[in-house]
Structure formats: structure tokens, C-alpha cells
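See structure below.
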């Protein structure tokens, strides 16, 4: 049980770092190559909103990731309830790969990554009526931290890309 929690937290940490770097990119900060830092990856889904959510969860589970029901957040419903504003279909799936998280969080230098776990994947509709998915850019996280974080990103990055397979 502890390993699942640690993995989830690691992936959340990566997400928080993604948001921070994304904000830096918007503010004009650039990577050494002159290109903006893109901490988040956004792709258009070929499926509808509900189908996309179902497929992402199924794909994650096939890869051995954990997607507990309590880690599913209906942003549309929650924001409408609190603010009265309907932002349109918008859900968040939090998931983790427990072994990778536990491996990193055994080391003190990586415990701060707990703030970004579990991994967050957002599914939402835009005003064009199409469904989109956004998630952290593990390649950027790997470049930021190097070492064991790079190793984790190299292992999990392809898995996260596989989650976006809709064939």
C-alpha cells in the first residue's frame, strides 16, 4: 500500500513541476535552445469526452498503473457547485506507477517530488467541441533533475505515450 501512495505522489510532483515550468514559459522564460519550455503536453483525442476517459483509464490499467476511483475529479461539477460557472466537460484522472515512485522516494534528495504525485492527466472539451488531453512532459522533468528522475522519465514516458493510443 505504501508503494502505491509513493508512486502516486511522485507523479503528482512531476505534474506540479509541469505547471510551474509552463507558467515560466508563458512569462517568457526560455530553455537554453531558445524555445519555450513546455512542461505540459496537449493532444487532441479522436474520441468523444466519455470514451476518451474510459480509454485512458483502461490503457493505464493495462500498463500496470493504478487509477483509484477516489482519484477521479470532476472539475466541471466541482467548479459549477462552488462558483456557479460551467467550464464545460473537464475531468482529471490521477494515476500512479507505484514501483517507480517508491524507488525515487527512498532517497532524501527526491522526497520533495512527493508534492507532484500522483500523475495527473486532464481530459476536457474546448470551445471547438473537440476533446483534448493534457499531461506533464516527462522529458522536460528529466532534463530538470537528471539522475534517477531521468531514468524514471525514460521508463514511464513511453508508457504515458501508450496511454494515448486510441486505436
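Go through the stretch 81-120 and give me each residue that's out of contact with any helix residue (DSSP H, G or I) (no Cβ under 7 Å at 6 or more places or on another chain) and within 21 Å of residue 69 (Cα to Cα).
The answer is 81, and nothing else.
Would you call residue 123 touching a residue at least 40 places away in the same chain (Cβ under 8 Å) and within 18 Å of residue 71 (Cα to Cα)? So that I can check it myself, show each step before the final result.
On the way: touching a residue at least 40 places away in the same chain (Cβ under 8 Å): yes; within 18 Å of residue 71 (Cα to Cα): yes.
Yes.
Rule-based calculations on the coordinates, nothing more; no lab input. Note that this is a predicted model, so its numbers are computed, not measured. All Cβ positions, even for glycine, are placed from backbone atoms using ideal geometry, and neighbour counts span all protein chains on display.
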